[in-house]
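Working notes, beginning with the structure itself.
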Amino acid sequence: MLGLLARKWMIPILVELAAAPRRRQYLFVRLKVSSSRLDPTIQELMRWGLIERAWIPNGRSDGPGIAISALGRSMLDLVTTLGEWQHAHLSLLSANDSDWRSTHPDDAV
């Protein structure tokens, strides 16, 4: 799962779908991601059960969409917790990075 989360568009898609079920076109426009990247990412998220097909009622334009699943929401909760940890420790992390760079000028990381 860590390898899956490391892919560029996985978390942004989950975040968008956490707010509400969306259509593929909405994700395409909102995230400014190419179809060649969006479609395989959606397929992968569906494969693992992190998102699922959903019906989006919207008056005259009812239609199929994509929703985050309970499994996807539970994973997104863990990612959110990790983000909160990073925010809480950002000054210490930045200081450690600065110290490292000042003592290791040839290491490009």
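Of (1) 2, 10, 18, 17, 14, 11, 9, 8, 5, 2, 1, 1, 0; (2) 2, 12, 19, 21, 16, 11, 8, 5, 3, 1, 0; (3) 2, 11, 20, 21, 22, 14, 7, 2, 0, which one was derived for P(r) over Cα pairs in 5 Å bins from 0, in percent from the structure shown?
Read-out taken from this structure: (1).
Could you give the nm distance between label points at Ala70 and Phe28, where each point is 7 Å from its Cα heading toward the beta carbon?
That separation, rounded to one decimal, is 3.3 nm.
Amide H to amide H, which residues 5 or more places from Ile51 or on other chains are under 5 Å from it, using H placed in the peptide plane?
Under 5 Å from the amide H of Ile51 lie the amide H atoms of Met46, Ser69, each far enough along the sequence or on another chain.
Each value in this text was obtained by applying a stated rule to the coordinates, not by laboratory testing. Given the structure is predicted, the values throughout are model-derived calculations rather than measurements. We place every Cβ from the backbone using ideal geometry, glycine too, and count neighbours over all the protein chains shown.
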